[in-house]
Each structure stands twice: as C-alpha cells, then as structure tokens.
1. Can you tell which of A:Gly69, A:Gly9, A:Gly60 is at pLDDT below 90 and either closer than 26 Å to B:Ile46 by Cβ or in a helix (DSSP H, G or I) (or both)?
2. Among residues belonging to the range B:409-449 that are surrounded by 13 or more Cβ atoms within 10 Å (Cβ to Cβ) and β-branched (Val, Ile, Thr), point out the one that is farthest from B:Glu516 (Cα to Cα).
3. Exactly one of (1) surrounded by 14 or more Cβ atoms within 10 Å (Cβ to Cβ); (2) assigned to a loop (DSSP other than H, G, I, E, B); (3) within 14 Å of chain B (Cβ to nearest Cβ) is unmet by A:Ile25. Its number?
4. Taking the condition of being among the hydrophobic types (A, V, I, L, M, F, W, C) and more than 33 Å from the chain's Cα centre (by Cα), how many residues in the range B:535-581 meet it?
5. Within the range B:172-189, track down each residue that is in a strand (DSSP E or B) and either of a type outside the set (S, T, N, Q) or at pLDDT below 95 (or both).
Amino acid sequence: MNRDEIFSGVQEIFRDIFDEDDLIIEYSTNSDSIEDWDSLNHINLVSAIEKEFKIKFALGELLTLKDVGAMIDLMLVKLK
Amino acid sequence: MDYPLDVEYILRKKKSLKKQLLASNDRLQKKIAILGGSTTSEIKNILELFLLNSSIEPVFYESDYNKYFEDALFDNEQLDKFQPDIIYIHSSIVNILNFPKPNDGEDVVNKLLNDEVERYTSIWDALQKYDCAIIQNNFDYPIDRSLGNLDNYDIHGKTFFIMQLNLEFSKNARKITNLYINDINYLSSYIGLEKWVDRSLWYQAKYALSMAAIPELSFNISKIINSILGRAKKCLVLDLDNTCWGGVIGDDGLVGISIGNETAVAEAFETFQKYAKELKDRGVMLAVCSKNDFQNAAEGFQHPETILKFEDFTSFKANWDPKYQNIIDIAQEINIGIDSLVFIDDNPAERDIVSSQIPDVSVPDVGRDVIFFIDHIDKNGYFDPIILSTDDMKRNQYYEDNKKRSSVKSKYATYGDYLKSLEMVAEINSFNSLYLDRITQLTNKTNQFNLTTKRYTYSEIEKISSSNDYIKLYGKLTDKYGDNGLISITIGCLKNGQCFIELWLMSCRVLKRNMEYAMLDELVIQCQQRNITEIIGYYLETEKNKMVAKLYEDFGFIFMEKNDSSSVWKLDIKNYKAKNKFIRTTG
C-alpha cells in the first residue's frame, strides 16, 4: 500500500469520526486544527485506523502520533 | 442497531448515526446517571445511540473518573439536583480493592469478600433516596490467572473470588426490587474475554473494556432500560414451513416435514420449537402467521415429534391473505399494540413486505437457516423480563380464557346478557403489600387504556401505598372462565377537598366488561367517605391511548380545559349514581 492510498483511507476515517463529509486533512493537521480532536476522539481515530488497516500500534508509538504526517509515516512502516 | 451489531460501523459513524436518530419521531426523555469505576465517555456516547434508537432521549450525568463510590455515598448536590430516573453503575474487575493473597486463611478470604460486597450494598442503600432504578454491572473474569485452572476452585483464586461476588450480587438483586444486574460476566464470555479486554486502551485511557466491546455493553444496558420501561415485546409470531419445521407441509405432508431428533435438520427445528416453548411457558404469547391451508397448518402440530402444540398459540392465522394483514389481525385479536409483536419468517421477501407495511413490528433479518433464528430473538432482548411474576406466567391462560369468552359472545341476545352470563366478581381495594410488584409492573407497561401514562418506580408505589393523601385502588376480576388477575389501577391525590386522578389504567384483556365503572364506583365511595366532593381527571394523549380519549366524558365528567394534547375533566359526586351493573364487588 502506498502513501496516497493510506492517506485517502485515513482521510475517510477522519471524515467519519468528525462527521464532516468534505473534511480535507494535510500532513500538518493536528489536534489544534480540528476542534473536536480531543483525547477521546484520538482513541477513536486510532482504533478505527487499526481496524481498517489491520495493524496495531504499540503503546509507546501512540505517544508519537502528534499529527497526520506522523500517523502516515508510522503506518507506512507497518504496512510494508 | 440490532443483533448482530456492526461494531466498527457504529463506532466510526456514531456522529452521523446520532444525527439520523435525532431526526426521527417523538421520544421519551429519561435522566440517566452513569457512575463509573473506569472511563465511561464512549459508553455514554454509544448508549445514547441505542437509547435514541428505542425512542428514548437520555440526559446524562457522568461521575468524575472512578468516583462511583464517592458519588453514591456522600452528599452530592449535583446528583440531587439531577434527579436521575436511572442510575447505571459501571464497575468491573478493575475496581476490586483486595483479592485474596496465597497465604490468607479462610477467615481472611471471607472477610475480603464481605468487605467487597458491603461496599456495593452501601452504595445501593445510599442511592435509594433517589427512588429510581439502579443498573449494576456484576464482574467479568480475570484475563490472567496466575493459578491456572486452580484459580477456578481454590479459595485464593481470583476467578473463584469473582464467582462468589457475583453470586452475592444476584442474591441482592433478588431482594432489592429496583436493582437490576447488567450481566457483564455473561457478556464478556459471550464475546470472549480476549476481545472484551484491551490492555493498551486500559493503560492509555483507563477503559476497563475494549472499544469493540463498548457497543455490546451499551446495547445490553439499553435492553435492560427498555425492559424497565415496560417496552418488552409480548408476542412472537411465527411462520410455519421452514421456520417451525423443515419442509413444506402442503407439499410434503405430515410425514415429510422435518421435526424431532431423527436427522440433524429435524433436530435444529426441534431446538427452535423448544426455545419458543420456553418463552411461552414464562408468559410470551405465541401466534402463527403462515401462507397455508388452515387444515394443513394445524396438522403440522400433530406430528409425533412436535414440541409446540396447536393449543400453545394464542392466535393462529393460516390462509392466503398478505401476512401484514394477518399480523394486524393478530394484534387486534389479542388486544396488544402492533409494536409488541416480533415476526420470524425464513423468507426474506415476506419479511420485507411485513416490515415495510407495518414498520412497528420487529422483523429481525434472521436469514434462512433455522440454526440462527434463536440468536436473533435472544440477543435482541425483545422479550427480556425484569422480573418473573406469576401473572406473566399465567398470562397465556388469561388469553386462552378470553378466547372461550368471545366464542360464546354470539349466543346472547344483547351484550348485557353476555356480561351477566360471565358471573363476574371484582375485588377492588386499597393497595396492599402483596400486589406492589404487579402494580408497579402494570404502571410501566400499560399503554392503551391509560389516561396519563404516568410511570412509577416500586418505591413510589410503596410510598403512595402507605400515604393518607392518596386514594389508591387496585382491581382484580374473576369470571366463570377463570381469574383475570390484577388488571386495573386508580391513583387519586387528595388536596383541598378534591381528588386529582394522577393514574387510571386497565389491562386490555378486560376491556368492555364494565370493570372501569366498578372502579369509578369504588373511587366515588372512598371520596365520599373522606368528604371529597369533586373528582378531577386528566387525559394526556399519547400515540397509543386514543381509546380512552372519551373515557371521562363517558363517565359523566364535565370538560374543563384543553391544552395541546391534554384535557382536564371534573365530576361533581354529590349526586353520583353507581354505574356498574354487571360485576359483583367485594372489598
């Protein structure tokens, strides 16, 4: 799976979780850019990503997922 | 939002699901306090969806993280102000303070157990001041067992400790009438402990269960709430061919259908029939709705191996009319709301037509394989009772007696002659402790003949029962065909020489029997004994109680005023003449 495929999959998940059909994310998108992105929704995002892409983030890795770019970088490694 | 749950979809789409659910129909508002022993935010969100899906709009109070004990036990102004209708205590294995240690003696282990139980009994005691339903988790098993299989039977085992705790919870729930157990011990074993727990989520956010388990938990809580609110279904409507037995009786004949234990297929149908019979034995009514010749259909239940018999069905419709028409007839015949029916049919086309024509009927998508039919009935909790009352178990008898009554109705010249022939005797009296359970139950599930649809908790009924500010009548009715049980309730609040009727209800199984007149007569007598000269009645219209819109008018009350969906009525009882002519009353 390449970066673009992952990116569009992640974008779909963001749209569902925040219920905004036309939400556009960028690599720099973080919890400051989306109002609803609180710690609860962060968990929802991560579990939805884990389910959708059939991967698992380790406890230590979760702390590094500060923005969309970091998420996708880590996913790329896991999906190789 | 029904079994089988699409857990991922619910979690991911919860916001848009909520929007959709909020867009539809009128809802009942309920105040629900969640007292958590671990994080509850997502439980609250998902529970909200399930409740909205059952037309209940929850308003939540959520305790601070792991403050369930403090919130319950100590003065809590916020919770006092909130006045919960329902309190849900989400505790679990993570909240157990002390498990036995390997070198603890038996007395120490027993003390640990008692201490743990006492923590909860003190919570339930303290919460009684709110007069509301309490839903309490029992405990899930530990996922790690350092004692291995011995954990299950050594007194130091965690598993053994939890089994004992759960047993104590069950005993308490039998004693405390407003305490309901949310059986997470079953739920976690049903979905698998491995899926139930997510260690990572525990360390990150202190959830005692996994994200995937939250919809299952919330669904289960919503089933309990629905049952508490008297929304359990009442009648299971069954198709016949390939639902109650394998094969088509019209083509294959009695010897050709599969039922019994001769073949694997026959055994699967036998299991399904046994499940339906179990439901029937505890008060769920059964009905048949099948496209068949009546003779053929009835013959199927003469099969030597059949579990269900023709007499087990309160209503039996086998003909070639559209099924939705038959189902409407079934509901009318046994006098229950159409939303009290669940329809099981192996044929997807028939299911579609029924659910599109009468959307209020529950038509689970059971598939075509009988093996899975039970799950769809069981796991959707349609018929979940909150208490097994003797009245429930007798209910089928009442309806059978009713069938006898209506079959003789045509023999009489006038309806009055028929009523006379029933030799009815009513017992109408003030509440007594024997009947408080049944009275509470009736106030929560009677929808049609109910003037105000006011719901009461057990403790409210208990209070009214012992208060002098109320006239509180129950009515039981017997006739020559049998006992109808306790079927009518009237509660009047006395103030300034007037009696305000805050509840008047009657079970539809005694409709048109003059029972309402007998109740009114007794109400008037009791009012007169206390020098009350006026009775004020209210009609609060709901979707289901239109049948009593004119009741007070019929009683001779004078219309006073009307707001949107409610009206007020007044009766001067100085010159009241008794209205009941057909029922002999005893006090």
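1. It is A:Gly60.
2. The residue in question is B:Thr440.
3. Failed condition: (3).
4. Applying the first criterion (among the hydrophobic types (A, V, I, L, M, F, W, C)) to the range B:535-581 yields B:535-536, B:540, B:547-549, B:551, B:555, B:557-560, B:568-569, B:571, B:573, B:578.
Checking the rest, the ones that are also more than 33 Å from the chain's Cα centre (by Cα) come to B:557-560, B:571, B:573, B:578.
Residues meeting the conditions: 7.
5. Initially, the range B:172-189 is screened for residues in a strand (DSSP E or B), giving B:179-182.
Scanning the range B:172-189 gives B:Leu179, B:Tyr180, B:Ile181.
Every residue, every condition in (1) farther than 21 Å from B:Ser362 by Cβ; (2) among the charged types (D, E, K, R); (3) touching a helix residue (DSSP H, G or I) at 6+ places or on another chain (Cβ under 7 Å), yes or no:
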site: B:Glu278; (1), (2), (3): no, yes, no
site: B:Ile307; (1), (2), (3): yes, no, yes
site: B:Asp312; (1), (2), (3): no, yes, yes
site: B:Ile328; (1), (2), (3): no, no, yes
site: B:Gln332; (1), (2), (3): no, no, no
site: B:Pro348; (1), (2), (3): no, no, no
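Every residue, every condition in (1) out of contact with any Leu (no Cβ under 6 Å at 6 or more places or on another chain); (2) within 9 Å of another protein chain (Cβ to nearest Cβ); (3) over 27 Å from B:Tyr207 (Cα atoms), yes or no:
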site: A:Met1; (1), (2), (3): no, no, yes
site: A:Gly9; (1), (2), (3): yes, no, no
site: A:Asp38; (1), (2), (3): yes, no, no
site: A:Ser47; (1), (2), (3): yes, yes, no
site: A:Ile72; (1), (2), (3): yes, no, no
site: A:Leu79; (1), (2), (3): yes, no, yes
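A quick yes/no check of all residues on (1) closer than 19 Å to B:Asp2 by Cα; (2) among the aromatic types (Phe, Trp, Tyr); (3) touching a strand residue (DSSP E or B) at 6+ places or on another chain (Cβ under 7 Å):
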{"site": "B:Glu194", "(1), (2), (3)": "no, no, no"}
{"site": "B:Ile224", "(1), (2), (3)": "yes, no, yes"}
{"site": "B:Lys234", "(1), (2), (3)": "yes, no, yes"}
{"site": "B:Val248", "(1), (2), (3)": "no, no, yes"}
{"site": "B:Ile259", "(1), (2), (3)": "no, no, yes"}
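The values are calculated or read from the model by the stated rules, or taken from the named source; none is laboratory data. All of these numbers come straight from a predicted model, not from anything done at the bench. Here Cβ is always computed from backbone atoms with ideal geometry, including for glycine, and neighbour counts include all displayed protein chains.
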